[in-house]
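For reference, the structure discussed in these notes is given below.
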């Protein structure tokens, strides 16, 4: 069983718990491959905060485009961040946006690792 903190010390609490569950069935080699793949995909919460601030003041929906919510990004863009309310909500919930995106990416990376292991 791989040690999550050894491979990904930068994770926050909720993200750590989720990734730790994924690591339970991985060897150290698989965990190293997962870590490389996951680090290239994950979004840092500080970056999401910056994008949310930019989304509030300059480009509405920018934070949604970055996490892959293209439809919501377009809606925010054409409605000025849902009249600023949606952009303010995203600014308050930037950690949740990053966490949800990161969990999805961790799951997809783990699925790829399982598929590679079956070949």
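Counting helices only, and only those DSSP H runs with n ≥ 4, report the 222 nm mean residue ellipticity of the chain as the sum of -39,500 (n - 2.57) divided by its residues, in deg cm²/dmol to the nearest 500. Don't skip to the answer; put the middle values down first.
Details: 9 runs with 93 residues, N = 119.
Estimated from H runs of four or more residues: -23000 deg cm²/dmol.
What's the center-to-center distance, using Cα atoms, between the stretch 78-119 and the stretch 19-45 in Å?
16
[x] 2, 12, 21, 19, 13, 11, 10, 7, 4, 1, 0; [y] 2, 9, 15, 14, 11, 9, 8, 7, 7, 6, 5, 4, 2, 1, 0, 0; [z] 2, 7, 6, 7, 7, 7, 7, 7, 9, 15, 14, 7, 3, 1, 0: which one is P(r) over Cα pairs in 5 Å bins from 0, in percent as calculated from this entry?
[x]
Only the coordinates and a few stated rules stand behind these numbers; no lab work does. As the structure is a computational prediction, the values presented were derived from the model and not from experiment.
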